[in-house]
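The values are calculated or read from the model by the stated rules, or taken from the named source; none is laboratory data. This one's a predicted model, so the numbers in the text were calculated from it and none came from an experiment. FYI the Cβ positions are ideal-geometry reconstructions off the backbone, even for glycines, and counts take in every protein chain you see.
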Amino acid sequence: MSKTFENKVAIVTGGGSGIGLEAARRFVTEGGSVLIVGRDAEKLSRAQNEIDASGAKVATLAADVSDVATGKRAVDLATERFGGVDVLFNNAGIFKPTSFLDHTEEDFDSYLGTILKGKYFMAQAAATAMQQRGGGAIIQTGSMWAERAVTATPSSAYSAANAGVHAMVRNLAVELAPSKIRVNAVAPAVVETPVYGTFMSEDQVKEVLPTFNDFHPLGRNGQPRDVVSALMFLASDEADWITGAVLPVDGGVMASR
């Protein structure tokens, strides 16, 4: 029985944990091969072993996506290992609620570098490779915070960077359409991933995250699998006539505001 992504190759940024790890796992389960990109080599190695201990279907690249050269390095490695690039899951990101008056220039540059600049130049490198394959799909992980401010989670720099990602999706969709490259995004609300552990203790995460369940009309926080189901659809031929879309994957948050 044919699998959705049989003989397809994907690059997954932020692939060491959370949404990226789940996306890489699902893509391989559906017959594809993946290159996972992230900053932490040890975390990438664990992810590779978890998805495919043989290494036949998974390669890793420890690199910072805010470095423009990372895009070409990733494409070159994916091509060397698996023959090309068909799909890019542009997922790498950072998040730490910080008030506007407390943000520093370093904070601002880190959000723009990882979220906007990183996604922009990774997409540029991937699109160049996809043209050699006659098309492809780029799916950006954007954010509900790009569309709505949330009092409990002040995140002006994060929101601004992701608003740029959403604008990029529309522009790239139009520019790359003649090359049969589709460009879309998902905009999640609160999804329970390890990112919250980067600015809260384990006990704080257990205490705080459940308080956001009721923020979502569907009554619960998201899980990586919720977002990845949308990513897989947008990457598949089932979405062959969809480009330039930013899909809310948010338990109904945007509908209720």
Restricting attention to the range 191-222, the residues that are touching a residue at least 60 places away in the same chain (Cβ under 8 Å) and of a type in the set (Val, Ile, Thr) number exactly 4
How many residues, within the range 178-218, are closer than 17 Å to Tyr158 by Cα and of a type in the set (S, T, N, Q)? 2
Quick one: which residue in Ala149, Ala126, Ala157 is modelled with pLDDT under 95 and either surrounded by fewer than 17 Cβ atoms within 10 Å (Cβ to Cβ) or within 23 Å of Ala245 (Cα to Cα) (or both)? Ala149
Which of (1) part of a loop (DSSP other than H, G, I, E, B); (2) of a type in the set (Val, Ile, Thr); (3) modelled with pLDDT of 95 or more is the odd one out, the single condition Ile115 does not satisfy? (1)
Search result, residues across the range 10-42 that are of a type in the set (S, T, N, Q) and either under 16 Å from Ala92 (Cβ atoms) or without any contact (Cβ under 8 Å) to a residue 40 or more places away in the chain (or both): Thr13, Ser17, Thr29
What pairs come up if the first residue lies in the range 130-151 and is within 14 Å of Val249 (Cβ to Cβ), the second is part of a loop (DSSP other than H, G, I, E, B) and of a type in the set (A, V, I, L, M, F, W, C), and their beta carbons are under 6 Å apart, counting only those six or more places apart or on different chains? Met144/Ala189; Met144/Val253
Exactly one of Ala235, Ala239 is aliphatic (A, V, I, L, M), in contact with a Phe, Trp or Tyr (Cβ under 7 Å, 6 or more places away or on another chain) and in contact (Cβ under 8 Å) with a residue 40 or more places away in the chain, and that residue is Ala239
Out of (1) touching a Lys or Arg at 6+ places or on another chain (Cβ under 8 Å); (2) surrounded by fewer than 19 Cβ atoms within 10 Å (Cβ to Cβ); (3) under 24 Å from Arg257 (Cβ atoms), the odd one out for Thr198 is which? (3)
What are the residues in the range 57-76 that are aliphatic (A, V, I, L, M), in contact (Cβ under 8 Å) with a residue 12 or more places away in the chain and either surrounded by fewer than 18 Cβ atoms within 10 Å (Cβ to Cβ) or outside any helix (DSSP H, G or I) (or both), if any? Val58, Ala59, Leu61, Ala62, Ala63, Val65, Val68
Looking at the range 87-100, is at least one residue in a helix (DSSP H, G or I) and either surrounded by fewer than 17 Cβ atoms within 10 Å (Cβ to Cβ) or modelled with pLDDT of 95 or more (or both)? yes
When every residue in the range 188-221 that is within 22 Å of Glu22 (Cα to Cα) and acidic (Asp, Glu) is compared, the one nearest to the chain's Cα centre (by Cα) is Glu192
Only one of Leu231, Leu176 is at pLDDT 95 or above, part of a helix (DSSP H, G or I), over 24 Å from Gly38 (Cα atoms) and of a type outside the set (Gly, Ala, Ser). Can you tell me which? Leu176
Quick one: is Ala92 without any contact (Cβ under 8 Å) to a residue 60 or more places away in the chain, over 14 Å from Ala129 (Cα atoms) and out of contact with any Lys or Arg (no Cβ under 7 Å at 6 or more places or on another chain)? no
Quick check: is even one residue across the range 19-28 surrounded by fewer than 22 Cβ atoms within 10 Å (Cβ to Cβ) and not in a helix (DSSP H, G or I)? no
Can you name the number of the only condition in (1) touching a residue at least 40 places away in the same chain (Cβ under 8 Å); (2) part of a helix (DSSP H, G or I) that Pro248 fails? (2)
Consider the range 45-84. How many of its residues are touching a Lys or Arg at 6+ places or on another chain (Cβ under 7 Å) and not polar (S, T, N, Q)? 7
